[in-house]
1. Can you tell which of L71, L98 is in a helix (DSSP H, G or I) and touching a residue at least 60 places away in the same chain (Cβ under 8 Å)?
2. Scan the stretch 41-58 and tell me whether some residue there is touching a residue at least 12 places away in the same chain (Cβ under 8 Å) and of a type in the set (F, W, Y).
3. With the structure loaded, tell me whether I50 is of a type in the set (V, I, T), more than 16 Å from the chain's Cα centre (by Cα) and closer than 12 Å to L75 by Cβ or whether it fails that test.
4. Name the single residue, out of those in the stretch 122-171 being hydroxyl-bearing (S, T, Y) and under 21 Å from the mean Cα position of the chain (by Cα), that is farthest from I109 (Cα to Cα).
5. Identify all residues within the stretch 1-22 that are of a type in the set (D, E) and surrounded by 15 or more Cβ atoms within 10 Å (Cβ to Cβ); write none if there are none.
6. Any residue at all in the stretch 71-84 that's touching a Ser or Thr at 6+ places or on another chain (Cβ under 7 Å) and under 21 Å from L34 (Cβ atoms)?
7. May I ask you to list the residues in the stretch 10-51 that are acidic (D, E) and in a helix (DSSP H, G or I)?
8. Let me spell it out: the conditions are (1) surrounded by 15 or more Cβ atoms within 10 Å (Cβ to Cβ); (2) in contact with a Pro (Cβ under 9 Å, 6 or more places away or on another chain), and L34 meets all of them except one. Which number is the exception?
Amino acid sequence: MEELIAKRYIKAMRLITKTSEFEAISNVINELSLEFSSEKFIQILSSPDICADDKRAILIDSVKALKNSKLENFLSLLVENGRIEILPAIALEMKKELAREKNSFVGKIYSDSNIDKKAVTGLSKGLGKKVGSNIVLEFIKSDYDGVKVEVEDLGIEINFSKNRLNSQMIDHILKAI
């Protein structure tokens, strides 16, 4: 639900900003959303004892360095509508929007065995060429028995499981006999 609301705010922001300004605002909102990992910050912004004007002042003071009236108005609107808590969802959706505009996406490779950087780079280039996008993959060591490549924003998931490969080879051999 939060992401649907976030998309509406982003759509409105996108209509009134240029790409460079949208990117700068996205960076600031992303930094601001990192503060939501602090329990104290969440308590302050969700406290009914603190008035909306004080909450607005806290948020606007934290982004004064950018000197962007659109961002300040955006944060004020979030406070007025009681939507401060969706700021992390807005930051995530802004990142996705910028990735779509730049045709550049980030994905992950999961495997239980180590994969060298050269192989990761080769997979990134090959997959990017296949889908017509710039894809950057990062390797994450996990307990997955095989290799799994995932680019969530494009809806791509490719996996090679050792167990599945072995069972398919056995089935093929049995059918051949």
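1. Unique residue meeting the criteria: L98.
2. No; the residues of the stretch 41-58 include none that is touching a residue at least 12 places away in the same chain (Cβ under 8 Å) and of a type in the set (F, W, Y).
3. Against the criterion (of a type in the set (V, I, T), more than 16 Å from the chain's Cα centre (by Cα) and closer than 12 Å to L75 by Cβ), I50 does not qualify.
4. S133
5. E2, E21, listed by residue number.
6. The answer is no; no qualifying residue exists.
7. Passing the criteria: E21, E23, E31, E35, E39.
8. (1)
None of the figures in this text is laboratory data; all of them are computed from the coordinates on show. Predicted model only: the values in this text are computed from it and were never measured. Cβ: placed from backbone, ideal geometry, glycine included. Neighbour counts: every protein chain shown.
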